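The next block holds one structure in the form of structure tokens; read it before the comments.
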Amino acid sequence: LTAAPIAWDGIAVVVYSANPTKEVTTQQVAAIFSGKVTRWAELSGQGTVIQLIDRPRNQNIRQSFEEVLGIVEQIPKATKVVHSDQIAMSTVAGNVSAVTYTSLAIALDAVKYGVDVNVLMIDQVEAAKETVRNGRYKLRRPVLLLFRKEPPAVVDAFVAFALSEEGRAIVDEMFVAYRP
């Protein structure tokens, strides 16, 4: 297969809004999700045990998250697994111990519409479309169009559309449109 990048998807680290932890480093996120840090007190938070909310092994968001953090196959096997961004967000909302990761657009919309969650700042960089676009926010994954090596002309036309101003406007509704 051949891949054409059309967007970036930021990966937000999300906690309940009452959690006093507001900022972490990439290394701390890796330590949290690999089970090396188990209490919020180790991160200047409250003394409760950290409750990880993970995603299924076959979801691209989990694979990208683990790869960026360098913790492939290190998330504890006993960690609670949920299947969607929405369930991950609702599981964290109201639970001061919980932490999860979701697609950035979903997390930012949840905050915007009053869901009781916060998106953590990572390495002193705010999780935002612009910081994902310019690469300062490191937790991100490419959104790719996949096609056969010798695609029909319609595939080339679709890729060209996806990278056009009109196509990027559509992609930008959910992701951060790729600008070659």
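The values are calculated or read from the model by the stated rules, or taken from the named source; none is laboratory data. Predicted model only: the values in this text are computed from it and were never measured. Glycine gets a Cβ as well: all are built from the backbone with ideal geometry, and neighbour counts include every protein chain shown. Each accessible area value is taken on the protein alone, full model and side chains, heavy atoms only, with ligands, DNA and RNA left out. Shrake-Rupley method; radii C 1.70, N 1.55, O 1.52, S 1.80 Å.
Once you have a ≥ b ≥ c as the square roots of the Cα gyration tensor eigenvalues for the range 1-99, tell me rounded if a/c is under 1.5, and otherwise prolate or oblate according to whether a/b is larger than b/c.
Cα axes put the range 1-99 in the prolate bin.
Could you check what % of the DSSP bridge pairs in the range 1-145 are antiparallel, to the nearest 5?
75 percent
Where the accessible area of the chain is counted over protein heavy atoms with a 1.4 Å probe, how much of it, in %, is carbon and sulfur?
That fraction is 56 percent.
Between Tyr113 and Ala157, 0.36 nm times their residue separation minus their Cα-Cα distance comes to what?
Additional length available on full extension: 12.2 nm.
Any chance you could check the Cα centroid distance between the range 106-180 and the range 1-49 for me, in angstrom?
Value for the Cα centre distance between the two parts: 20 Å.
Suppose we keep just the alpha-carbon trace of the range 98-180; what are its Rg and Dmax in angstrom?
Reported Rg and Dmax, both Å: 15.7, 48.
Taking only protein heavy atoms into account and a 1.4 Å probe, give the accessible area per residue of the range 101-180 in Å².
60 Å²
Taking the Cβ-Cβ separation of Glu150 and Asn60 as r and a Förster radius of 25 Å, what is the calculated FRET efficiency to the nearest 0.05?
Between Glu150 and Asn60 the formula returns 0.50.
Write out the trypsin sites (Lys or Arg not before Pro) in the range 39-76 meeting two conditions: DSSP loop, and at most 13 other Cβ atoms within 10 Å of their Cβ.
Here the trypsin sites (Lys or Arg not before Pro) that fit, given the DSSP loop and packing criteria, are Arg57.
Check which residues have an amide H placed less than 5 Å from Thr2's amide H, if you skip close sequence neighbours.
The list, which skips near neighbours in sequence, is Phe147, Arg148, Lys149.
Please report, to two decimal places, log10 I(q)/I(0) for the chain at q = 0.10, 0.12, 0.13 Å⁻¹ as given by the Debye formula with identical point scatterers on the Cα atoms and no solvent.
-0.41, -0.58, -0.67
Within straight cross-link reach of Lys77, meaning Cα distance under 12 Å, which aspartates and glutamates are found once same-chain residues fewer than 8 apart are removed?
Asp54
Do any trypsin sites (Lys or Arg not before Pro) in the range 73-180 lie in a DSSP loop with no more than 11 other beta carbon atoms within 10 Å, and if so, which?
Lys77, Arg148, Lys149
Which value at 222 nm does the chain reach when only helices count, each DSSP H run of 4 or more adding -39,500 (n - 2.57), with the total divided by all residues and rounded to the nearest 500 deg cm²/dmol?
-9000 deg cm²/dmol
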